[in-house]
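Data first, discussion second: the structure below is written as structure tokens.
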Amino acid sequence: MVYKSAILGCGPRAEFHIRAYEGLDEIELVCLCDMRADRLSNYGERFNVGRLYQDLESMLEKERPDILHIVAPPSVREEPIEMAAEYGVRGVIVEKPLALNPKQAAKIKEIAARTGIKIALNTQRRYFQTIKDLKSILDEGKIGSVEWIRCVTKGNILSMGPHMVDLLFHFTGDNFPMSVWAAANGINGRDYGHPAPANMLMRYVFPDGVTAYCEDAEDAVGTPGETDFWQHLEFNIWGSEGRAWWVQNKEWGYQSYNMPSPFIKETSWDASDIPGQREFTRAMAAWLDGREVHLNNLDTALMEFNAIMAAFLSAQSGVPVTLPAQIPVGIVELLEAGLR
Ligand SMILES: NC(=O)c1ccc[n+]([C@@H]2O[C@H](COP(=O)([O-])OP(=O)(O)OC[C@H]3O[C@@H](n4cnc5c(N)ncnc54)[C@H](O)[C@@H]3O)[C@@H](O)[C@H]2O)c1
């Protein structure tokens, strides 16, 4: 079966969702929606998509897509998901972050539980070939059992943070961490689009004893030599028998104690994003077919969101927080007020 899909939002990120359709036979992109006529007609012409809408409900009513991509700012999440479910959409691919606050996340959870709509959070790196290769190395025990992880990125915890936390969960086998202890300072304002602390340090402890030190900060050391702010995303993983690493736009590799020299392969953002996005989107078709659950399914995304909000709670209260955490509805405002 070939599924029909639609995209809501024709901003910069949508270009990569659209270009990922080349060579994707399971899903056909049939229409686009953006309230901004200039962006809509630009993408319609550039990518040869003829059916264009400025209003989501009109598009859903007329086109009845199976899959909707929501490539809109994070304030635009639960309403289009609910509307999509009403018009028979079966799968939603929603850009990160899942939500800006616990209320939005709870509403998305409720809609999914009530309607059965399948939701995948667009933290697409799990589908990068270099991440798959590194995950295989870890699963095969090439560095022994994982003991300690350091990860770092620069964009704040709700902009780049969801990608970092998603890979952290992936590398640790989607085991929910037991606790987080976090500190925060500074705040990125509403104009940033993803308001959150400018700088955060987090220590997550996992049930099997793995400890992760995560730095998500404008002023983080990041990846030495990297000049592009958004390319700072790096993992270093120490195991009982070696070490592995993944640096978003440079290299990944591993070395176990019995190897005379490390295994190193190049990584490139430009060469990874569209192929990874393509496999991510393809995985939605497999999920709708009932063949395989999407790696970035809503349950996982909600666990990751809880881990991020628990870090907010820890930073706000100054003490470690046990996970999964009961998050006060107003935690974002509480933390922001304290940081201003
Ligand atoms: N996964 C990644 O690697 C990655 C990379 C960049 C951005 N993103 C995420 O993608 C999302 C979108 O980013 P962007 O930079 O393209 O955003 P943007 O704000 O520039 O574009 C979003 C578009 O959606 C349209 N829109 C919003 N609400 C609408 C509605 N109700 N009806 C019709 N149109 C509507 C806006 O007019 C706008 O053109 C963000 O959440 C961002 O964090 C993800």
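Any read-out appearing in this document is the output of simple, stated calculations on the displayed coordinates, not a laboratory observation. Model, not experiment: these values are computed from the prediction. Positions of Cβ are backbone-derived with ideal geometry, glycine not excepted, and every protein chain shown enters the neighbour counts.
Sorted fewest first by neighbouring Cβ atoms within 10 angstrom, 47, 171 come out as 47, 171. Of the GluC sites (Glu not before Pro) in region 260-321, the ones in a loop by DSSP (not H, G, I, E or B) with at most 12 other beta carbons within 10 Å are 292. Note on region 126-270: antiparallel DSSP beta bridges, both residues inside, total approximately 85 percent of the bridges counted.
Take every DSSP beta bridge whose two residues both sit in region 3-122; close to 0 percent of them are antiparallel.
Let me know the shape class of region 108-211, please: from the alpha-carbon gyration tensor, a ≥ b ≥ c as square roots of the eigenvalues, rounded when a/c is under 1.5, otherwise prolate if a/b is greater than b/c, or oblate. Because a/c hits 1.5 or more and a/b fails to exceed b/c, region 108-211 counts as oblate. Is the C-alpha gyration tensor of region 256-340 telling us rounded, prolate or oblate? Criteria: a/c under 1.5 is rounded; beyond that, a/b larger than b/c is prolate, otherwise oblate. Since a/c reaches 1.5 but b/c is at least a/b, the shape of region 256-340 is classed as oblate.
Amide hydrogen proximity for residue 147: with H placed 1.01 Å from N in the peptide plane, the residues at 5 or more positions away or on another chain lying under 5 Å are 238, 239, 240. A simple spin-label model places pseudo-atoms 7 Å from Cα toward Cβ; at residue 19 and residue 339 they are separated by 3.1 nm. Suppose R0 equals 30 Å; then what is the FRET efficiency for residue 82 and residue 273 from their Cβ-Cβ distance, rounded to the nearest 0.05? So, using R0 = 30 Å, E works out to roughly 0.55. Under 1.5 on a/c is rounded, so check that first for region 10-80, then, if it is not, pick prolate when a/b is larger than b/c and oblate when it is not; a ≥ b ≥ c are the square roots of the alpha carbon gyration tensor eigenvalues. Taking the square roots of the gyration eigenvalues as a ≥ b ≥ c, region 10-80 is rounded. Would you mind pulling out the separation of the Cα centroids of region 77-120 and region 208-250, in Å? Their Cα centres are 31 Å away from one another.
Mean sequence separation of contacting Cα pairs (under 8 Å, at least six apart), scaled by the length of the chain, corresponds to a relative contact order of 18 percent. Computed per residue of the chain from DSSP H runs no shorter than four, each worth -39500 (n - 2.57), the mean residue ellipticity at 222 nm is -11000 deg cm²/dmol.
Each of 2, 67, 92 was scored by the projection of its Cα onto the charge dipole of region 1-121, and the greatest displacement toward the positive side belongs to 92; charges sit on the C-beta of Lys, Arg, Asp and Glu.
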